[in-house]
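These notes concern the structure reproduced below.
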């Protein structure tokens, strides 16, 4: 029996900011999401292996490599890459075989191979079992197990029994689809996996939900890039979900507003809220982002149509495109207010390796650093075109503070119908911002668009 250890490296993206702030904002949880990528890897491990998961994001101290396993597999997003490489190097010095996988190694395989014996590129279901089978059989390992070289395997049901549910705010994320049919310039999904859009079998999704219901779960996050990339399939899934009596939220594109049948089916099946990647209400910014499938002028009408089905909306706006200045950042927040979004986030444009934005900025010499720890959505890692890096950073925090201030929450959420979870989330985020700036920044007021250096 070969011993396999799966490791999720510590990530600033998981904890967002200082861990004690996150603990207070999430009622003592250690991380926001369980590492579903490693739970899926565990599910596809072939016979002949024992398997464990180490999630560094929930440990009190950093994981210490030790030679008590035969092979270690480490998954890494870009912001986890440096820590992943440190762990990989330490294990190789101990004589342990190391496999790397995930978004970052898939985007930069030659960089990753400097720290690993092999890597799995793309979907784990199509690569990881082949790699482990070769290792168990004593066959030479390929440098890269590329998902394009193997038959496409179905999306697996994750093994959640290897993790502690009390560690995570979201312990039961469900993957229903993978990929996205669009080709936005900043997104790693089409950059790494192409525009192939895959759906999981409806039966396996229902089975996973029923198993989670046995443990008391009845609210689920469908952790997809685009839940409704295929409208016909999404309607079929919603019909299967309706008898389960669950509540759920997910992420999808705004084109669901074209399909009343889909919207009605989503609501009947328990859809409470959706994250929409809006990026910007500025048409020029959408063109720059290659988001050509929708016009910014239609946003408000489309949002109202979805909201009419009693589905709450959370907007994601990206700051820092070449068409952006700090005034357009403020305009995005005002649009979020006008649209009555229950929640909103404002990540800084991050040119992740493998994307068109990364290639363009690198060619132009605009990357300020390739320290992957800083590729986290809250650090400016490139030279903006129409504002300074300091202005862009300030605009992001001013946007969060403006949107989540209590006066804004009252205007957006109203008192009736009472949106309990949205109110809790808004108040928790505002309290976390207030706590952070008072305790760590020693500021008596939160960042604002009206601060002196913005006038």
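The values are calculated or read from the model by the stated rules, or taken from the named source; none is laboratory data. This is a predicted model, so every value here is computed, not measured. Note: ideal-geometry Cβ built from the backbone for every residue, glycine included; neighbour counts use all protein chains shown.
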Considering only the stretch 398-417, I want to know if a residue exists there that is touching a residue at least 12 places away in the same chain (Cβ under 8 Å) and more than 28 Å from residue 29 (Cα to Cα). yes
Across the stretch 32-65, what is the number of residues that are farther than 20 Å from residue 224 by Cβ and in a strand (DSSP E or B)? 7
In the stretch 95-116, which residues are more than 18 Å from residue 149 (Cβ to Cβ) and over 21 Å from the mean Cα position of the chain (by Cα)? 95, 96, 97, 98, 111, 114, 115
From (1) closer than 18 Å to residue 8 by Cα; (2) assigned to a helix (DSSP H, G or I); (3) touching a residue at least 60 places away in the same chain (Cβ under 8 Å), pick out the condition that doesn't hold for residue 112. (3)
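Take the residues in the stretch 133-160 that are under 22 Å from the mean Cα position of the chain (by Cα) and assigned to a loop (DSSP other than H, G, I, E, B); name whichever of them is surrounded by the most Cβ atoms within 10 Å (Cβ to Cβ).
So the first thing to find is which residues in the stretch 133-160 are under 22 Å from the mean Cα position of the chain (by Cα), and the list is 147, 154-160.
Applying the additional criterion that residues be assigned to a loop (DSSP other than H, G, I, E, B) yields 154-160.
Working: 154: 13, 155: 20, 156: 20, 157: 19, 158: 24, 159: 18, 160: 22.
It comes out as 158.
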Has the stretch 203-218 got at least one residue that is closer than 26 Å to residue 300 by Cβ and in contact (Cβ under 8 Å) with a residue 24 or more places away in the chain? no
Checking residue 293 against (1) loosely packed, with under 15 Cβ neighbours inside 10 Å; (2) in contact (Cβ under 8 Å) with a residue 24 or more places away in the chain; (3) over 19 Å from residue 248 (Cβ atoms); (4) over 23 Å from the mean Cα position of the chain (by Cα), which single condition isn't satisfied? (4)
Can you tell me which of (1) touching a residue at least 40 places away in the same chain (Cβ under 8 Å); (2) more than 19 Å from residue 313 (Cα to Cα); (3) part of a helix (DSSP H, G or I); (4) out of contact with any helix residue (DSSP H, G or I) (no Cβ under 6 Å at 6 or more places or on another chain) is the one residue 299 doesn't meet? (2)
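Could you please find all residues in the stretch 359-378 being touching a strand residue (DSSP E or B) at 6+ places or on another chain (Cβ under 8 Å) and either exposed (fewer than 14 other Cβ atoms within 10 Å of the Cβ) or at pLDDT 95 or above (or both)?
361, 366, 367, 368
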I'd like the residue in the stretch 379-405 that is touching a helix residue (DSSP H, G or I) at 6+ places or on another chain (Cβ under 7 Å) and in a helix (DSSP H, G or I) and, out of all such residues, is surrounded by the fewest Cβ atoms within 10 Å (Cβ to Cβ). 391
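Of the residues 82, 92, which is in contact with a strand residue (DSSP E or B) (Cβ under 9 Å, 6 or more places away or on another chain), more than 17 Å from residue 355 (Cα to Cα) and surrounded by fewer than 21 Cβ atoms within 10 Å (Cβ to Cβ)? It would help to see each step written out before you state the result.
On the way: 82 fails: in contact with a strand residue (DSSP E or B) (Cβ under 9 Å, 6 or more places away or on another chain).
That would be 92, the only listed residue that is in contact with a strand residue (DSSP E or B) (Cβ under 9 Å, 6 or more places away or on another chain), more than 17 Å from residue 355 (Cα to Cα) and surrounded by fewer than 21 Cβ atoms within 10 Å (Cβ to Cβ).
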